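Right, one structure below, let's go through it.
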Amino acid sequence: MSRIFVKGNEAIARGAVDAGCRCYFGYPITPQNDIPEYLSRVLPVSGGEFIQAESEIAAANMLLGAGACGVRAMTSSSSPGISLKQEAISYMAGSDLPGVIVNISRGGPGLGDIGPSQGDYFQAVKGGGHGDYRQIVLAPGSVQEAYDLTFEAFDLAFEYRNPVMILGDAILGQMMEPIDTREPAGPDLQEAASWRLEGSGERSPRIIRSLRLAEGTLGRHNQDLQEKYIKARKEIRHEEFLTSDARLVVVAFGSIGRIVKSTVRKLRKEGHMVGLLRPITLFPFPAPALQDLARQGKRFMTIEHNMGQMVEDVRLSICGLAESGFYGHLPGNLPTPEDFEEPILKELTG
Amino acid sequence: MQEVLAYKSPDILADVPTHFCPGCHHGIVHKMLASGLEDAGLAQKSICVAAIGCGAFIYNYVLVDTLEAPHGRAPAVATGVKRSSPDSLVLVYQGDGDLASIGLAEIMHAANRGEKITVVYVNNTVYGMTGGQMAPTTMLGQKTTTTPLGRQSGSDGYPMQMTEIMSRLQGVSFAARVAVNNIKNLKKAQKALRRAFEVQEQGLGFGFVEFLAACPTNWRMNALDANARVDNEMIPCFPLGIHKDVAGEAQ
């Protein structure tokens, strides 16, 4: 549609509007404030709703309410605020409700700092709230991808009737890049027609709930959820860079994947046979691609902006086929491509 | 002989055995809601947000589109519902532990924003479903399973008077406290509820109706004694009446 120069946060906000998001609920927290600020200007004048909620908890529960009405809606926050949203996310997963949650994550645990970190990988990918559920997790590595994946997050949330999280970080949120926007999508009034609440009218009333007390019903629902997660494997996305002839494949996601790509490019020029696999969906995880590479005899190394979270999924994926080394960059400062050169070379020659 | 219809149960009130204890007032409030919605022609456009506690099962009795909210969050959930579906009548059904304790932030701010929803608040002074623990509304001296010697203001604070608090918020258009322990109170309650629905239908703002309710099981009383307690102890602590009706006052 048009080419614009924006911050990652604004790209997400624009992506949401263009994808037909009609309601946004949020609460101020750094480093994601550009998202609510943008949407507070844009949504109300285009027939949508913007609410600065009293808390992260309330914002997530407003998302639950909007989702039950079949309306495309979003909330965003950063790590400590995302912890507060977990209650509603669990209820949404338990009630088969769609909704998009953006985490522009920062350093933790606790209040941590406001700099970038990937310390929320486990929280995003393994559940976060109570109960045996998953959310679909998308990890953009560029501002363009932040825009595109926001678009797709809404489609996935409604297709699977499940919460979808966009997991970015302070680097992505605050970085400016040119992006191409898409033709805005009008809200599809039919996508939720078979289940949304709108008043019963002439049909029989609908109940949306997560409470399942009748004998066998909770077990069946948990089974249905697992089948949904297996079905979602067809949504697996990843990027491979120079993997075909690589001896060592580095696995890294999000902004770190982007930074590692620069490192790989430089090391290649120096003749080192390294490549990159960047998972774009963190759940479902690109295990098949990793297994293919492992069967080709590749060696692996996982790099994260934490002390080792995704590496567990990498190791599980290639278990019995290959091993993965690990290098963790501590939170509190911004990694550069040079920071990863020595660890990668050490892994390559070790 | 000509048959005269003397009584008809509301169509949207499910004809099923109740799970509520003998003497519990939830069933009376449910029926009042069902007839109130039906008589006003609102049932088919209603979305009810159910909360956590004994009232959570309202969807088994009042047959309208219903959504379950996490504990205390019903006013936030209802905010999302009303903003997404502005033509629906949005009804919230919460107990006192849910609304006045864990959900205090959500009720205060939904009210303060003047959300065009109707909150039905059932206050029986205890956590009923979990076995009768102290609630924020437990009266001074009242014995519960967690105030075995009776609620003491020095350590446990005071009963929260939510209708009075709501009345002070500018976003609130209608706030009333009613009881259903006798026919006279029941009639007034019906009227207040009808008015609360009107306030929402006319887009005037936030409506709040507090029902004083008996919980004979957790009060360790029979139904008659529990009804009497509403008169003798609850009403003096939680005064009945229309506490605020902005549009009504203006008329």
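Seen from B:Gly141, the other residues with C-beta closer than 13 Å to its C-beta sum to a net charge of +1, counting Lys and Arg as +1 and Asp and Glu as -1. Each of A:Leu218 and A:Thr336 was given a label point 7 Å from its Cα along the Cα-to-Cβ line. The distance between the two points is 5.4 nm. Estimated at 0.36 nm per residue, the fully extended path between A:Phe122 and A:Gln226 surpasses their Cα-Cα distance by 35.6 nm.
Counting only other chain Cβ atoms within 10 Å of each residue's Cβ, the peptide B:18-25 averages 0. Counting neighbouring beta carbons within 10 Å and listing from fewest to most, the residues A:Ser262, A:Ser210 come out as A:Ser262, A:Ser210. Taking the number of Cβ atoms within 10 Å of each Cβ as an exposure proxy, the fewest-first ranking of B:Met1, A:Met165, B:Met108 is B:Met1, B:Met108, A:Met165.
Once backbone amide H atoms are built at 1.01 Å from N, A:Leu138 has A:Met165, A:Ile166, A:Leu167, A:Leu282 as its partners under 5 Å, excluding neighbours fewer than 5 places away on the same chain.
Each Lys and Arg Cβ is given +1 and each Asp and Glu Cβ -1; about its Cα centre, region A:183-281 then shows a dipole of about 500 debye. Averaging Cα coordinates gives a centre for region A:7-84 and one for region B:65-109; these two points are 19 Å apart.
Short-range pairs are left out: with C-alpha atoms under 8 Å and at least six residues apart, the relative contact order of region B:26-250 is 18 percent. Mean-square fluctuations from a GNM of chain B, with a 10 angstrom spring cutoff on Cα atoms, peak among B:Ala14, B:Ala192, B:Ala175 at B:Ala14. Within the shell defined by Cβ-Cβ distances under 11 Å, the residues around B:Arg83 carry a net charge of +2, with Lys and Arg each +1 and Asp and Glu each -1. Towards the positive end of the charge dipole of chain B, with charges on Cβ (+1 Lys, Arg; -1 Asp, Glu), say which of B:Tyr7, B:Val122, B:Gln152 has the farthest Cα. Toward the positive end, the furthest listed residue is B:Gln152.
Can you show me the helix-derived [θ] at 222 nm for the protein assembly as shown, built from DSSP H runs with n ≥ 4 at -39,500 (n - 2.57) apiece and divided by the number of residues, rounded to the nearest 500. About -10500 deg cm²/dmol. Computed from the C-beta positions of B:Lys143 and A:Lys234 and an R0 of 60 Å, the FRET efficiency is 0.50 to the nearest 0.05.
Extension gain for the segment B:Ser155 to B:Tyr7, taken as residue separation times 0.36 nm less the Cα-Cα distance, is 48.3 nm to one decimal.
Quick one: check the C-alpha center-to-center distance for region A:270-291 versus region A:216-241, whole angstrom. Centre-to-centre (Cα) distance: 21 Å.
Between A:Asp113 and B:Ala40, the distance separating the two model label sites (each 7 Å from Cα on the Cα→Cβ line) works out to 5.5 nm. Give me the tail of P(r) for region B:26-250 as a percent: Cα-Cα pairs with distance above 34 Å. In whole percent, the long-distance tail amounts to 8. Simple rule: put +1 on each Lys or Arg Cβ and -1 on each Asp or Glu Cβ in region B:26-250, find the dipole, and look at B:Phe197, B:Ala175, B:Tyr93; the Cα lying farthest toward the positive end is B:Ala175.
Taking θ as phi - 60° and the Karplus parameters 6.51, -1.76 and 1.60, the scalar couplings of region B:145-150 work out to 6, 10, 10, x, 9, x Hz in sequence order, x denoting glycine and proline.
Excluding the sites themselves, what is the longest stretch of chain A that contains no GluC sites (Glu not before Pro) in a DSSP loop with at most 15 other C-beta atoms within 10 Å? No qualifying site falls inside A:1-201, the longest such stretch. Here the dipole of region B:26-250 is about 200 debye; that uses its Cα centre as origin and unit charges on the Cβ of Lys and Arg (positive) and Asp and Glu (negative). The charge dipole of the protein assembly as shown, taken about its Cα centre with unit charges on the Cβ of Lys, Arg, Asp and Glu (plus for the first two, minus for the last two), comes to roughly 460 debye. Selection among A:Pro98, A:Tyr229, A:Gly257 by position relative to the dipole of chain A gives A:Tyr229 as farthest towards the positive end (Cβ unit charges, Cα centre).
Dimensions of the protein assembly as shown based on its C-alpha atoms, expressed as ranges along the principal axes with the largest first, amount to 100, 54, 47 Å. Using modelled backbone amide H atoms (1.01 Å from N, in-plane), which distant-in-sequence or interchain residues come within less than 5 Å of A:Met273's amide H? Correct list: A:Arg247.
Per-peptide packing, taken as the mean over residues of other Cβ atoms within 10 Å, places A:277-289, A:58-70, B:194-206 in the sequence A:58-70, A:277-289, B:194-206 from highest down.
Note on A:70-79: average number of Cβ atoms from other chains within 10 Å of each residue's Cβ is 1.
Only beta bridges with both residues in region A:239-349 are counted; by DSSP, about 20 percent of them are antiparallel. Residues whose amide H comes within less than 5 Å of that of B:Val180, counting only those at least five positions distant or on another chain, are B:Leu212 (H built at 1.01 Å from N in the peptide plane).
Between A:Glu37 and A:Asp245, the simple label model (points 7 Å from Cα in the Cβ direction) yields a spacing of 4.8 nm. The phi torsions of region A:231-236, fed into the Karplus equation with coefficients 6.51, -1.76 and 1.60 and a -60° offset, translate into couplings of 4, 5, 4, 6, 8, 4 Hz, rounded to whole numbers, with Gly and Pro shown as x. A P(r) calculated from all alpha carbon pairs of region A:143-223, with 10 Å bins opening at zero, reads 12, 30, 29, 18, 10, 1 percent.
Phi angles across region A:310-323 convert, under the Karplus curve 6.51 cos²θ - 1.76 cosθ + 1.60 with θ = phi - 60°, into 3J(HN,Hα) values of 4, 4, 5, 6, 4, 5, 5, 5, 9, 3, x, 10, 7, 10 Hz, Gly and Pro given as x.
With r defined as the distance between the Cβ atoms of A:Ser194 and A:Glu270 and R0 fixed at 60 Å, what FRET efficiency is calculated, to the nearest 0.05? Result of the calculation: an efficiency of 0.55. At R0 = 22 Å, how high is the FRET efficiency between A:Leu345 and A:Gln296 if r is their beta carbon distance? Nearest 0.05 is fine. Efficiency at R0 = 22 Å is approximately 0.55.
Throughout, read-outs are computed from the coordinates displayed, never taken from laboratory work. Bear in mind the structure is a predicted one, so any value in this text is a computation, not a measurement. Here Cβ is always computed from backbone atoms with ideal geometry, including for glycine, and neighbour counts include all displayed protein chains.
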